[in-house]
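Student: Sending over a structure as structure tokens; questions will come in a sec.
What follows is calculated from the coordinates using simple rules that are stated; it is not laboratory data. In this text, all values refer to a predicted model and were calculated from it rather than measured experimentally. Glycine also receives a Cβ, built like all others from the backbone with ideal geometry; neighbour counts cover every protein chain displayed.
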Amino acid sequence: MQALLLQCLAFPLTLLIVFLLARSGAILSYADVALVQGIVACAMTRLRGLAVWWLGIQLVFPLALTGALSLVFELNLPPLLFLGVFLFLLALYWSTFRTQVPYYPSGKWVWNEVDKLLPKGKPLLVIDIGSGLGGFTMEMARRRPESHFVGIELAPLPWLLSFLRARLSASRARFVRGDYDNLDLSNYDAVFAYLSPAPMSALWNKASKEMRPGSILLSYEFLITEKTPDIILMPTGRGAPLYGWHF
């Protein structure tokens, strides 16, 4: 949101620069104006102190927008195509700008490790925070038929796809759409999260207040810095670690 606001704030300054250049006799194309806009946005982004990788995005964004508009006219693409792509991305990522948690799919290595860590011989209630397309939740429900696995996802499209996958395959996994902030984690024997670095402190604050003794919090790839993990599992070869905290 800050980056977008900086692009908007850079636009009047870009117009002023283009006006002054035109007064001096310079002839600018739309691509030239887009480049000026990108440079001004980069300068403002640098002054704002955003992460350095935003500089490249801010520079390229106006040029990419100009190129997309050129394609519309040159290839006679219907504007509804862009609206459709926008709505698709909106449904896929939804409030990523707020949660700072994009879609990250996990893999079979971490599924296997979680399966080993979960207590055996008794029914469990397990929640997958940010369940995405539901692969982990459905696989664990298949492996542990005596237990209940729930996935919670905020973005509507991944939630809908995971919900339909479970229904069509008759999986015992259950998927709900919502924000895990509204959950009471004391209801669960285990919490699995594959999020991003941004919400880990908030997750720990919630888990440390709500999770009951004997439960376990598992985080794939992203570390909670407030508490040293009780479990650190590294894959052989390339891959991210799995962290765990006992309560």
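Student: When all C-alpha to C-alpha distances in the stretch 7-99 are sorted into bins of 10 Å, what percent of pairs does each bin hold, rounded to whole numbers?
Tutor: Reading the bins upward from 0: 15, 33, 37, 14, 2.
Student: Any idea what angle helix 108-117 forms with the longest principal axis of the chain, computed on alpha-carbon atoms, 0 to 90 degrees, nearest 10?
Tutor: Here the helix axis deviates by roughly 40 degrees.
Student: Just want the ordering: H148, H246, from fewest to most Cβ atoms lying within 10 Å of their own Cβ.
Tutor: Lowest count first: H246, H148.
Student: On to the next question. When DSSP beta bridges are limited to those with both residues in the chain, what percentage is antiparallel, rounded to the nearest 5?
Tutor: 30 percent
Student: Between K108 and R167, what is the FRET efficiency for a Förster distance of 25 Å, r being their Cβ-Cβ separation, to the nearest 0.05?
Tutor: Values: r = 23 Å, r/R0 = 0.92.
For K108 and R167, the calculated efficiency is 0.60.
Student: Pick the calculated volume of the Cα convex hull per residue in Å³ for this structure from [x] 122; [y] 136; [z] 168?
Tutor: [z]
Student: Calculate the spin-label point distance for M234 paired with L47, positioning each point 7 Å from the Cα along the beta-carbon direction, and give it in nanometres.
Tutor: 4.5 nm
Student: With a ≥ b ≥ c taken as the square roots of the eigenvalues of the C-alpha gyration tensor of the stretch 108-246, please select rounded if a/c is under 1.5 and otherwise prolate if a/b is larger than b/c or oblate if it is not? Walk me through the numbers on the way to the answer.
Tutor: On the way: a/c = 1.37, a/b = 1.27, b/c = 1.08.
It comes out rounded by the Cα gyration axes.
Student: A follow-up question, please. What residues have an amide H closer than 5 Å to that of L124, excluding those fewer than 5 places away on the same chain, when H is modeled at 1.01 Å from N in the peptide plane?
Tutor: Hits under the 5 Å cutoff: S147, H148.
Student: Taking every DSSP beta bridge that has both residues in the stretch 131-247, what percent is antiparallel when rounded to the nearest 5? Before the final figure, lay out the partial values.
Tutor: Values: 8 of 16 bridges.
Antiparallel bridges make up about 50 percent of those DSSP assigns within the stretch 131-247.
Student: Taking the beta-carbon count within 10 Å as an exposure proxy, list C8, C42 from fewest neighbours to most. Before the final figure, lay out each step's value.
Tutor: On the way: C8 9, C42 19.
Ranking C8, C42 by Cβ neighbours within 10 Å, fewest first, gives C8, C42.
Student: So how much slack lies between S186 and K116, counting 0.36 nm per residue of separation and subtracting their Cα-Cα distance, in nm? Numbers along the way, then the final one.
Tutor: Details: separation 70, 0.36 × 70 = 25.20 nm, distance 2.20 nm.
Result for the pair: 23.0 nm of gain on full extension.
Student: Quick one: in the stretch 29-81, what % of C-alpha pairs are over 15 Å apart? It would help to have the intermediate numbers written out before the result.
Tutor: Details: 703 of 1378 pairs.
That tail contains 51 percent of the Cα-Cα pairs.
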